[in-house]
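First comes the structure, then the notes that go with it.
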Amino acid sequence: MYPIPIIAEALINGLMLGAVYALVAVGLTLIYGVLHIVNFAHGAFLTLSMFGIWLLWEHAGLDPYLSILMLTPIMFGLGYGVQRFIIGPAGHGRDNSILLVTLGISIVIENGLLVVFKSDTRTIATDYGFRVIEIGPLLLSWPRAVGFVATMATAVIVWLILNRTDVGKAIRAVAKEKLGARLVGIDVNHIYAMTFALGSACLAVAAGLLMPVFYVNPQTGGAFVLVAFTIVVLGGMGSVTGALLGGLLIGVVEAASSLFLGDSLGQLGIFVLFILVLLFKPTGLFGARI
Amino acid sequence: MSARDLFPILPVLLVLAVLPFLGLSGSLLNLLIFMMIVALAAQGWNVLGGYGGLASFGHAAFFGTGAYAAAILQTRYGVNAWAALVAGVVLGSLVGAFIGLLTFRSGLKGSYFALITLAFAEVLRIIANSSEITGGGAGIVVPIDYGFENLQLRDRRFFVLLAVICVGVGLVITRWLDRSKFGAYLIAIRENEDAARALGVNVMNVKLGAITLSAALTALAGVLYTQNFLFLDANVAYGPWISIEALFAAIVGGLGTMFGPLIGAVVLLGAGEITKEFSGGIPGFDLLVFGVILIITVAFAPNGLAGISLKSFRRKTRGHTARSSRDGGADA
C-alpha cells in the first residue's frame, strides 16, 4: 500500500489532467448534442492542434499558452470548413455514413501527419514543465494546475457563448428542434458548422494546455479519442456539464488505476468503464442535455 | 439455395486459383495472399455491417482471437495446426457471440455499437500485450515446420490456393445470405428493426447469429494470418489496422453485396501498393489514400464499387436483373 500523500498527489494530478480531458470531451459532446453525430475525427483534430502548438514553439519560439490565442481561430475555421464542406455533404444525413466520413477524415489527418512529421514523438521543454507547487505535504504539477484553471475558464466561455449570444441561442434551438429552428429562419447548416467549429476550437485550447506536460506523435489523438468518448458517454451524450464532471472523474480513475495496476493496465480501466457505462447506463450518469 | 445460385462464384474462384500459377513473382504472391486474408476479414465484416447494418470498429477482436488461438494452441499445447484452425474459428465466433449478447441485450446500435466494439478490441489488445500466454510485447513465433499437416506451405502458390478456398467459403456464405430466410430476416432488421420484430422476426437471435457468423469468417482470416506470417504480437492481432481494413474493403467494394469485400480488398491493397511504389514507401501515404477513397466512396457511391458496376449493368439491361441487389446501403 502507498502512503496517503502519494495517493492524494496522484489523484489530484489525475484530477488536473482530467480537466484537460474534459475540455476535449466538451467539444465532442457539443458536436454530438447539436449535430447528433459521433465525430470520430475529434482525436485527429487534437493531434493536429498539438502539432500546431509544437510547430509554433519549434519554429517561432512561441510559448504554448500564447500559441493558444493564435491556434484557436485557425481550428475554429478548420472545423467550420470540414463540417460545412466535407462531413455535411458527404454524410447524406445518415448516422453510419457520417461516422464513416469522420473515420475517413481522422485517417487522412493522422496519416498526413505521419507523412509530414514521421512517427517521431515530439515534446516541448518549457522551463515551467517540471515546476511544482507545494501545498503542505503535497507536490502538485504547475502546468497541470494551469490546465485545470484554464479549462474551467474555457468552460465558462463556452457556457457564455451558448447562453448569452445569438449564435448560442441558435445553437441551442437547433439542438432542441431542428425543423422548428429552420422554420424561424435559422440557417441550420451554418449553425451545424458553427458548433463543429466551436468544438474544434476547444481542442486548440486543450492542445496548448497539454503540450507542456505531454508529447505528440501522429497517433496521440487515437489514445484520446476513446477516453473522450468514455467521458462523453459517462456524462450523458450532449451534456456539457456532464462532460466536465466526467472528464474529472476519468482523470482520477486513470491516475488511480495507473498507480495500482501500472501504466499499461491503467488504460484498461478506462475502456472497461466505457463498456460498462454503455452496456448498463447508456444515458450517462448526468443525462442532462445542453 | 440451389446449385445454380453458386454459378457466379465459380469463374471468380477459378481465375483466383489459376492466377498464382501464371508465374507471379514472390512479392506479388505475398500481396495476393494478403489480399485474400483482408478480403476474408472483410467478408466477415460485411455479414454484420453490410447485411445487418451494424458497423463494427472492432473486428480485430475476432481476427486476433483466431490468430492467437491458432498460434498459442500450436506452440504451447502442441495441437495440430488443422485442429488449431478449427479451434481458432470456434473461439473467434464465441467472442463474437459474447460481445453480441452483451451489446444487443442493451440495444446498442449505430455509433454506439461501433464504439463499443472498438473498446472491446482495445481491451483485448491491452490484455494480450501484457499477459504471459500471448508472449506479451515480444509476441509469439510459430516455429517453421513445413508440411501440409502443419498448415505451413513452403510453396507460396499453394498458400494462395488455400486462402482462395477460404474466400470461396466466404462467398458461398454470403450467397446463402442472399438466398436464405436468415439473410432476409437480417436485411429486414437492418431496414427497420421494429417492423421486423412486429412481423415476428426473432431480432435478438438473428443478430446473434449474424455476429457469430461474421466473427467466424474474420477469425478464419486471423488463423490464415498466423499460418502465413508465423509471427504475431498484440498490435498485429488486436490492433485497429485490421478492423479498419476489413471495414474499408467491405464499404469501398460494396456493402451487402457478394463480391464487394473481395473487390474492395483487391482494389484497396492494390492502390496501396501502387502509392507505396510511387511515393517511395513513405509510411502512412497508402493509408492517407485509403482515407480519401473511403470519404469519396461514402459521398458519391454509397453502394461501393459493386454498386457502381451493378448500376451501369442494370442501365444496360433495362432492369432485367430485377432488384436482386441491395439498394439500401448501410443505413442504421
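Laboratory data are not the source of any read-out in this text; all were calculated from the coordinates shown. Everything numeric in this text was worked out from a predicted model, so none of it was measured. Every residue, glycine as well, gets a Cβ built from its backbone with ideal geometry; the counts of neighbours run over all protein chains shown.
Summary of computed values
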| item | result |
| --- | --- |
| Sites B:SER25 and A:LEU279 - FRET efficiency at Förster radius 56 Å, r taken between beta-carbons, to 0.05 | 0.70 |
| Exceeding the 26 Å Cα-Cα cut-off - candidates A:LYS118/B:LYS109; A:LYS169/A:LYS281; B:LYS109/B:LYS181; B:LYS109/B:LYS276; A:LYS281/B:LYS181; A:LYS281/B:LYS109 | A:LYS118/B:LYS109; A:LYS169/A:LYS281; B:LYS109/B:LYS276; A:LYS281/B:LYS181 |
| Hydrodynamic radius by Kirkwood, which averages 1/r over all alpha carbon pairs of the stretch A:1-85, in angstrom | 15.1 |
| Rounded if a/c under 1.5, otherwise prolate or oblate - the stretch A:68-169, Cα gyration tensor axes | oblate |
| Partners for A:LYS178 among aspartates and glutamates (Cα-Cα distance below 17 Å; same-chain residues under 8 apart left out) | A:ASP95, A:ASP166, A:ASP187 |
| Relative contact order %, chain B, counting alpha carbon pairs below 8 Å whose residues are six or more apart | 31 |
| Rounded to the nearest 20 debye, dipole of chain A from Cβ charges on Lys, Arg, Asp, Glu | 860 |
| DSSP H segments from chain B that extend 30 Å or more along their own axis, Cα-based, with Kyte-Doolittle mean of -0.5 or above | B:81-105, B:110-130, B:156-179, B:203-229 |
| For residues of B:293-302, the mean tally of beta carbons on other chains within 10 Å | 6 |
| Three semi-axes of the equivalent ellipsoid, the protein assembly as shown, Cα gyration tensor, whole Å, largest first | 41, 29, 23 |
| For the stretch A:75-81, Karplus couplings with θ = phi - 60° (6.51, -1.76, 1.60), whole Hz, Gly/Pro x | 5, 4, x, 4, x, 4, x |
| 37 °C / 0.692 mPa s Stokes-Einstein diffusion coefficient of chain A, Kirkwood radius on C-alpha pairs, µm²/s | 171 |
| Peptides ranked, highest mean first, by Cβ atoms within 10 Å: ranges A:73-86, A:26-39 | A:26-39, A:73-86 |
| Sum of -39500 (n - 2.57) over DSSP H runs of 4+, divided by residues of chain A (222 nm, nearest 500) | -25000 deg cm²/dmol |
| For the stretch B:167-269, with +1 on Lys and Arg beta carbons and -1 on Asp and Glu, the positive-most of B:VAL167, B:SER180, B:VAL267 along the dipole | B:SER180 |
| A:SER141 long-range amide H proximity, modeled H, under 5 Å | A:ILE133 |
| Computed P(r) (all Cα pairs; the stretch B:65-129; 5 Å bins; percent) | 4, 17, 20, 20, 16, 12, 7, 4, 0 |
| Efficiency of FRET from Cβ geometry, A:ASN189 and A:LEU55, R₀ 25 Å, rounded to 0.05 | 0.20 |
| Given chain B, longest segment not containing exposed loop trypsin sites (Lys or Arg not before Pro) (DSSP; at most 15 other Cβ within 10 Å) | B:155-317 |
| Residue-span extension gain [B:PHE300 to B:ILE282] - 0.36 nm each, minus C-alpha spacing | 3.7 nm |
| Convex hull volume per residue in cubic angstrom - Cα atoms of the stretch B:3-238 | 122 |
